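S.K.: So that we are looking at the same thing, I have put the structure below in structure tokens.
Read-outs: derived from the displayed coordinates by stated rules, not from any lab. Just so it is clear, the model here is predicted, and its values are computed rather than measured. All Cβ positions, even for glycine, are placed from backbone atoms using ideal geometry, and neighbour counts span all protein chains on display.
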Amino acid sequence: MPDTRVSLDVLCLGHASYDLVFSVPHHPGEDEKLFADSLLECGGGPAANAAVSVARLGYKAAFSGYLGLDDYGNSHYAELQQAGVDTTLIVRGPAPTPLSVVLVKPDGKRALLNYKGDTKILPADTIDFSDIAVKTVLFDGHEPRLSLALLDKIDNAIPTVLDAGSLHTGTQALMDKVDYLVCSEKFALQYAVNANTALSRLAALSPNVVITLGESGLIWQRGHEQGSLPAPPVTAVDTTGAGDAFHGAFAAAVAAKMAWLDILYFASAAGAFCCTQMGARPGLPNREQHRQLLSSWRGNLAF
């Protein structure tokens, strides 16, 4: 019989929020009243942003997670559909859509406040994934029960990626169970005294480890092989979502079975481009924007 399942390049499972991004002259001090220069409203969340990143780069993506039946949830749901992301694996309910307030300084540095209210982690049996055929799965750790249940069911040949943005219960539950452990510098410094020590320790848990270091690029280890990669030279406007763009592009490159260094360049270009725009979602590059940055950057580097 023919396979009637939905075919995907990347399934992104985890957190969705709605972002209110304020441009501010500086981050406020204690008891300080501050006036924002501008406001941007858009969907957000690591896994949701990663799904949009995958779709904009020309790959088939789905997001799986929770959105409330409120105005923020409705706006985000419509935004995902407009981006071409498969929304059939999204759970809707009366609990509020998580909300993030982001304060962005002129140098691109940010402060972020997230509010989840009474929204709970989804139970392990919430979603039936049997109707999809997927090449790569990306987790962000924010839906650990659902993620662990999926890991138990999927074919071991399907590569899995963890977006380890910070060290918490969810990332701790998944970090030794995925094929690609892709960590932020924040995660690394929560795990060990420095990034290099964290890299060595994490390599004992996962066969492929990457630690992103912002404008300093990244370091990686595969087995006993280690390396680094500089960041593309861009002018940062807002770093919000850069990690999400990186992880989405990384998962897409894994799904496309690119060579290891090609995966790292592909993901780095997506993350860097995101920094050149205000807001995470608007900063996720399309295929042509990504191609131009990747081509101009990689062409200037020796291998």
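S.K.: Determine, yes or no, whether residue 184 is within 18 Å of residue 248 (Cα to Cα) and of a type in the set (S, T, N, Q).
M.R.: Here the answer is yes, as residue 184 does meet what is asked.
S.K.: Do we have any residue at all in the range 216-223 that's under 27 Å from residue 41 (Cβ atoms) and not hydrophobic (A, V, I, L, M, F, W, C)?
M.R.: Checking the range 216-223: not a single residue is under 27 Å from residue 41 (Cβ atoms) and not hydrophobic (A, V, I, L, M, F, W, C).
S.K.: Could you list all residues from the range 1-43 that are small (Gly, Ala, Ser), more than 17 Å from residue 138 (Cα to Cα) and in contact with a helix residue (DSSP H, G or I) (Cβ under 7 Å, 6 or more places away or on another chain)?
M.R.: Passing the criteria: only 43.
S.K.: Let me ask something else about it. Kindly state which helices (runs of 4 or more DSSP H) lie completely within the range 179-262 and contain at least 2 residues that are of a type in the set (D, E, K, R).
M.R.: Result: 185-191.
S.K.: When residues of the range 156-174 are filtered for being surrounded by 21 or more Cβ atoms within 10 Å (Cβ to Cβ), over 19 Å from residue 249 (Cα atoms) and not hydroxyl-bearing (Ser, Thr, Tyr), how many remain?
M.R.: Result for the range 156-174: 2.
S.K.: Within the set of pairs 6+ apart or on separate chains, which have a first residue in the range 132-158 that is touching a residue at least 12 places away in the same chain (Cβ under 8 Å), a second that is basic (Lys, Arg), and C-beta atoms under 6 Å apart?
M.R.: From residues that are touching a residue at least 12 places away in the same chain (Cβ under 8 Å), the pairs are 132/5; 133/5; 151/177.
S.K.: Any residue at all in the range 20-40 that is under 17 Å from the mean Cα position of the chain (by Cα), among the β-branched types (Val, Ile, Thr) and more than 23 Å from residue 5 (Cβ to Cβ)?
M.R.: no
S.K.: So, one more: Inside the range 44-64, can you point out the residues that are touching a helix residue (DSSP H, G or I) at 6+ places or on another chain (Cβ under 6 Å) and more than 18 Å from residue 101 (Cα to Cα)?
M.R.: Correct list: 50, 53, 54, 57, 58, 59, 61, 63.
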